[in-house]
Structure formats: structure tokens, C-alpha cells
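Asks: Below are the C-alpha cells for one structure; questions will follow.
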Amino acid sequence: MGKVIAIANQKGGVGKTTTCINLAASLAATQRKVLVIDLDPQGNATMASGVDKYDVHATAYELLVEETPFNDVVVTETTGGYHLIAANGDVTAAEIKLMEVFAREVRLRNALADVRENYDFIFIDCPPSLNLLTINAMTAANSVLVPMQCEYFALEGLTALMDTISKLASVVNADLHVEGLLRTMYDPRNRLATEVSDQIKKHFGDKVYRTVIPRNVRLAESPSHGKPAMYYDKYSSGAKSYLALAGEILRREEQARQAADIANAS
């Protein structure tokens, strides 16, 4: 059954969408079956996947509110080689409509129940706020991947996010945990970035990915061309970093499987 990972941070501009589409494309390039769910009404993940958010036949709104069957909503042709549940301004209305329905926080989990086994990884691009869309994402997810910049205020936001994840785990999803912390837009020449990075590693240890995503012009340019970075400039440092992150995630998955096998054998 596919692993569902919510990519979330209550702070905006930390690279959530960039991480979502580039990590998805990197894993799809290794022949994994990957789905991206865009839950942000801005639709940035949709546009960066080469899909016109203004011309898409259905979005996460239809999936969550109207309970349209998954196969009637999913987009199977993207520039990143993954499947997509698109988003546009209609998704803003989804949050309002969801407030009126029964079991509103499990709509996404229910929608994915019959298709999870079709994918190796499902990534959910969350909006930069704690609303019903984010709660739906975290209720459906196995874990949360947290992109963050190495700056002072990021540490404050991280503490709040960890508290939120803990509370949601106790209320709507007991299995929810932090998948990993990803340092993004990293500039090693910046002394503060280095200090904050060291603090993050000190406090969160193995939860911090070894891979660091650098500040990279090509990475910033690629969404405007409707492509993940590896299909815009595969030699860029940004594209290489997300390929390295995909490799690190696959290694962690394999190690977790081996540990589970040993535990079951004993």
C-alpha cells in the first residue's frame, strides 16, 4: 500500500510546493508510481506539473466535496511523470463546504482508500495554514515531511508545527508522525543559516535529512516553465539535490522494512 506523506509547514515560502513536485518527479524517474495531491487553492503544484489550473476538468474540490470518483478526477499526464489531483481557486470553496458535511476531516482518507495500493508514494501539497484542507491531509497521511529555511523565525514556526502534529495525532490520526525535516534554500555562506542548521540537527537528530536543498536559480525558474527542475535543467544543483533526497528516502524505507522483518522474525 502506498505511503502517504503530507508536505506541510504553517510558514509560507519555505519550499513546500517545490519539494512536492521535485521529489515526486525524482521518485517517478526511479520507476516508482507516484501521485501528487494539490490541496493549495493557489494551484502552484498543478501549474508546475504542466497542467493548466484554469482548464483542468476536475480538482480536489470535486474529490472532497462532491465525492467524485478518484478516476474521474486524477490527471495522468504531467511533465513530472506522476499522477496529479489538481487544484485551483475552486478549492477555496471546498473548505467552506466541508464545514457543512459529516465526517469532514476524513474525506481525503476515504477518497484514497481504494487507490492507495496503486501507488508507491502519495505526496500532499498542503496550504500554508492549519485549516480543514490541511487537517484532511494529515488525517489521510502516514507522516509529515517538513521543509524549512534555516533562519531564526523558522525555529519558532517549527515548534508550533510539531505541537500541531502531536495534537492531530492524538485526535484524528494516531499513526501520524514526522517523516523528516528538510533544510531548503540553504546558503552555506550565510553564518546564521549554518548556526540554525546545527541547532536543528542537535534537537531533531535522525529526523533531519542529510540532503540539503540549496538556493538555486534553475530550481526557482522551472515552475514558470511547467516542469520539475530535473526536466528543466537536470544538471542544476537543485535537480541533483532532489534526486539525492529521493535516494535518501528510498534508503530509509528499505532500512525500516528490514528492521520490521527482523522484529517480526524474532
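The values are calculated or read from the model by the stated rules, or taken from the named source; none is laboratory data. Predicted model, so just to flag it, every value in this text is computed and none were measured. Cβ sites come from the backbone with ideal geometry, for glycine too, and all protein chains shown count toward neighbours. Ligands, DNA and RNA are stripped out before the accessible areas are found, and what is left, the full protein with its side chains, is counted by its heavy atoms. Shrake-Rupley method; radii C 1.70, N 1.55, O 1.52, S 1.80 Å.
Asks: So which residues in the stretch 137-164 are at pLDDT 90 or above, in contact with a strand residue (DSSP E or B) (Cβ under 8 Å, 6 or more places away or on another chain) and open to solvent by less than 10 Å² (accessible area, probe 1.4 Å), if there are any at all?
Replies: Answer for the stretch 137-164, where residues must be at pLDDT 90 or above, in contact with a strand residue (DSSP E or B) (Cβ under 8 Å, 6 or more places away or on another chain) and open to solvent by less than 10 Å² (accessible area, probe 1.4 Å): Ala137, Met138, Ala140, Ala141, Ser143, Val144, Leu145, Val146, Pro147, Met148.
Asks: Right, here's the next one. When the residues of the stretch 121-169 are filtered to those that are among the acidic types (Asp, Glu) and not in a helix (DSSP H, G or I), which remaining residue is farthest from Thr30 (Cα to Cα)?
Replies: Checked the stretch 121-169; the qualifying residue farthest from Thr30 (Cα to Cα) is Glu151.
Asks: Within the stretch 194-217, can you find the residues that are buried (at least 16 other Cβ atoms within 10 Å of the Cβ) and part of a helix (DSSP H, G or I)?
Replies: Quick first cut of the stretch 194-217, residues buried (at least 16 other Cβ atoms within 10 Å of the Cβ) only: 196-197, 200, 208-209, 211-216.
Correct list: Val196, Ser197, Ile200.
Asks: Still on this structure, please answer the following. Considering (1) within 26 Å of Ala246 (Cβ to Cβ); (2) open to solvent by 10 Å² or more (accessible area, probe 1.4 Å); (3) of a type in the set (A, V, I, L, M), say which one Leu181 fails and leave the rest.
Replies: (2)
Conditions (1) in contact with a Phe, Trp or Tyr (Cβ under 7 Å, 6 or more places away or on another chain); (2) free of Cβ contacts under 8 Å to residues at least 60 places away in the same chain; (3) of a type in the set (A, V, I, L, M), marked per residue:
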{"site": "Pro127", "(1), (2), (3)": "no, no, no"}
{"site": "Ala140", "(1), (2), (3)": "no, no, yes"}
{"site": "Leu145", "(1), (2), (3)": "no, no, yes"}
{"site": "Met162", "(1), (2), (3)": "no, yes, yes"}
{"site": "Glu179", "(1), (2), (3)": "no, no, no"}
{"site": "Lys201", "(1), (2), (3)": "no, yes, no"}
{"site": "Tyr209", "(1), (2), (3)": "no, yes, no"}
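Asks: Here is a further query. In the stretch 50-99, which residue that is of a type outside the set (Lys, Arg), closer than 18 Å to Asn110 by Cα and open to solvent by 70 Å² or more (accessible area, probe 1.4 Å) is modelled with the lowest pLDDT?
Replies: Met99
Every residue, every condition in (1) within 18 Å of the chain's Cα centre (by Cα); (2) free of Cβ contacts under 8 Å to residues at least 40 places away in the same chain, yes or no:
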| site | (1), (2) |
| --- | --- |
| Gly12 | yes, no |
| Thr18 | yes, no |
| Val34 | yes, no |
| Asp40 | yes, no |
| Ala48 | yes, no |
| Glu66 | no, yes |
| Val75 | yes, yes |
| Gly80 | yes, no |
